[in-house]
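What follows draws every value from the coordinates through simple rules; no lab data is involved. Predicted model only: the values in this text are computed from it and were never measured. No Cβ is skipped: glycine too gets one built from the backbone with ideal geometry, and neighbour counts run over all protein chains shown.
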Amino acid sequence: MEKYTRHILDNGLTLLLLPDYTTQMASVCVLYRVGSRDENPNKTGLAHLFEHLMFSNCGKDVDFDEVLQNAGAESNAFTTPDTTNYYNIAPAKEIELLIALEAMRMKEFKVPKKDFVTQQRVVIEEFSEHYLNNPYGLFSHQLFSLAYQKHPYRWPVIGVDQDQIGKLTYEDAAAFFDEYYHPSNAIIAISGNIQKEEILSLVKKYFEPIAGKRKNQNVYAQEDKIHQVRTQTVHSNFPEEAIYIAIHSAARRDHDFYTLDIFTDLLAEGKSSLLYSKLKKENMLFSGIDCYLTTTTDPGLIIVEGKLNPNVSIETGEDAFWSLLDSCKKSPMSQRDWEKYQHKNETAYLFSQVGVINQALNISYSEWLGDADLIYTELENYRKVTKEEIVEVSKNYFDPSKVSKLYYRKQE
């Protein structure tokens with residue numbers, strides 16, 4: 001894989017080119033600097049709905065997916081609290097088609113009104129399926145709104161509820177497109193078997209005629225430090241009682257993020273992890289338990305999810321969790337275990353960089369974070385973490401007196 005090149009077009013579009021001549025495929029990723037945190041608190045879910053709408057935004061009688069499939073290509077997209085990403089993969093000979101279609105989608109808002117209504121219903125049904133029909137589905141809505149009092153991370157990407165999604169209008173979508181979907185607010189990464197000068201010429205051909213506007217410079221209310229326990233209890237006919245804990249974490253570019261990422265993996269990644277081996281297998285307190293980070297650019301959360309076995313109280317499970325954390329705070333792991341985990345973590349990281357889609361997604365995200373070179377240097381950030389720093393973050397972040405807790409208790 002060659003070194004990438006960066007180009008800024010006159011309309012503000014950021015273009016990253018990353019050749020890889022070991023493949024016959026090519027990928028185009030378009031990252032828009034807009035996510036659910038940019039929504040109006042009374043109109044949440046719009047960023048995610050718009051992700052669906054963009055597949056109808058190619059003009060009259062143009063079916064985005066059908067055109068791609070006929071060329072042997074595939075496409076998908078995802079929305080996060082911070083960004084919205086669209087990505088495609090095709091044989092390298094079809095690269096001009098991918099570029100032309102993405103430019104067509106960016107040029108103007110041309111979603112038929114009937115498609116707006118259709119996709120709105122699809123998202124409402126998605127909300128029902130994943131959140132309302134799942135007995136534990138609303139935990140992120142309840143826990144995030146408990147943990148965040150100010151920041152727009154307090155609502156999930158899907159939106160606050162079906163009512164808000166249902167009240168979004170065609171005019172809301174058109175205004176959202178006009179504000180955020182333009183060259184100045186986009187990063188395009190193209191990877192694979194490409195010739196840089198040829199691709200630069202094609203991107204200029206299709207994208208330079210599109211006018212640039214103001215890049216997203218929204219300012220988000222930051223959270224105050226939490227100094228107490230926030231608790232909410234929900235009673236319902238749950239199959240198993242559950243506990244969810246939110247612990248305020250580091251921002252994505254902080255050194256502590258890498259340390260916490262490793263620590264949460266040590267706690268919960270795989271059957272050799274501490275939570276699985278001690279609390280699920282050995283003590284048989286939980287039927288399932290997990291711990292992970294939310295990877296947001298502003299300070300995120302460490303989330304603990306645990307479903308209790310029958311006849312095990314929430315209090316017993318929670319006490320066992322904090323007792324296990326106390327043991328982590330007292331001494332670092334053995335050098336042998338630490339080296340074993342480092343090798344495992346490095347293998348997983350390197351695997352996440354394989355393939356033209358991953359390359360395009362990773363470099364566009366790194367550019368958005370402010371440093372595209374992270375695709376080459378981020379592994380070193382993980383390697384720099386020491387086992388002593390693991391102990392320090394366990395002490396500094398995992399404080400049971402400064403957390404948000406959600407209890408799911410069975411109905412009496």
**Request:** Give me the number: length gained by fully extending Thr5 to Glu208, i.e. 0.36 nm times residue separation minus the C-alpha to C-alpha distance, one decimal in nm.
**Result:** 71.3 nm
**Electrostatic dipole magnitude of the stretch 5-207 [Cβ: Lys, Arg +1; Asp, Glu -1; Cα centre; debye, to 20]** = 420 debye
**Asked** Measuring from a point 7 Å past the Cα of Lys196 along Cα-to-C-beta, which residues in the stretch 342-372 have an amide N at less than 20 Å?
**Response** 356-357, 359-368, 371-372
**Prompt:** Residue by residue, what Karplus-based ³J(HN,Hα) values in Hz, rounded to whole numbers, does the stretch 138-152 have, using 6.51, -1.76 and 1.60 with θ = phi - 60° and x for Gly and Pro?
**Reply:** 8, 4, 5, 4, 6, 6, 5, 5, 7, 6, 9, 9, 10, 5, x
**Request:** Please label the shape of the stretch 147-197 as rounded, prolate or oblate, based on the square roots a ≥ b ≥ c of the eigenvalues of the alpha-carbon gyration tensor (a/c under 1.5 means rounded; beyond that, a/b larger than b/c means prolate, else oblate).
**Result:** prolate
**Fewest-first sequence of Thr83, Thr231 by Cβ atoms within 10 Å of each Cβ** = Thr231, Thr83
**Prompt:** Near Lys93, which lysines are there with a Cα under 19 Å away, not counting those fewer than 8 places off in the same chain?
**Reply:** Lys196, Lys204, Lys205
**Asked** For the stretch 7-130, what value does the Rg/Rh ratio take when both radii are computed over Cα atoms and Rh is the Kirkwood radius, given to two decimals?
**Response** 0.98
**Square roots of 5 times each gyration tensor eigenvalue, C-alpha, the stretch 230-410, largest first, Å** = 30, 19, 16
**Item:** Other-chain or far-sequence residues with amide H under 5 Å of Met25's (modelled H)
**Value:** Ala92, Asn193
**Message:** Could you sort the peptides 233-246, 42-55 by per-residue average Cβ neighbour count (10 Å cutoff), highest mean leading?
**Reply:** 42-55, 233-246
**Residues Asn311 and Glu108, FRET efficiency given R0 of 51 Å [Cβ-Cβ distance, rounded to 0.05]** = 0.25
**Inter-site label distance for Asp65 and Phe78 at 7 Å from Cα along Cβ, in nm** = 1.8 nm
**Item:** Whole-angstrom gap from the stretch 21-73 to the stretch 335-409, using each part's C-alpha centre
**Value:** 28 Å
**Message:** 7 Å from Cα along Cα→Cβ at both Trp322 and Asp178: what's the point-to-point distance in nm?
**Reply:** 5.3 nm
**Per-selection Rg to Rh, the chain - Cα, Kirkwood hydrodynamic radius** = 0.99
**Cα-projected label distance for Tyr407 with Ala348, points at 7 Å along beta-carbon direction, nm** = 3.2 nm
**Prompt:** Counting only DSSP beta bridges with both residues in the chain, what percent are antiparallel, rounded to the nearest 5?
**Reply:** 75 percent
**Asked** Quick one: putting +1 on the C-beta of Lys and Arg, -1 on the C-beta of Asp and Glu, what dipole do you get for the stretch 187-264 around its Cα centre, in Debye to the nearest 20?
**Response** 580 debye
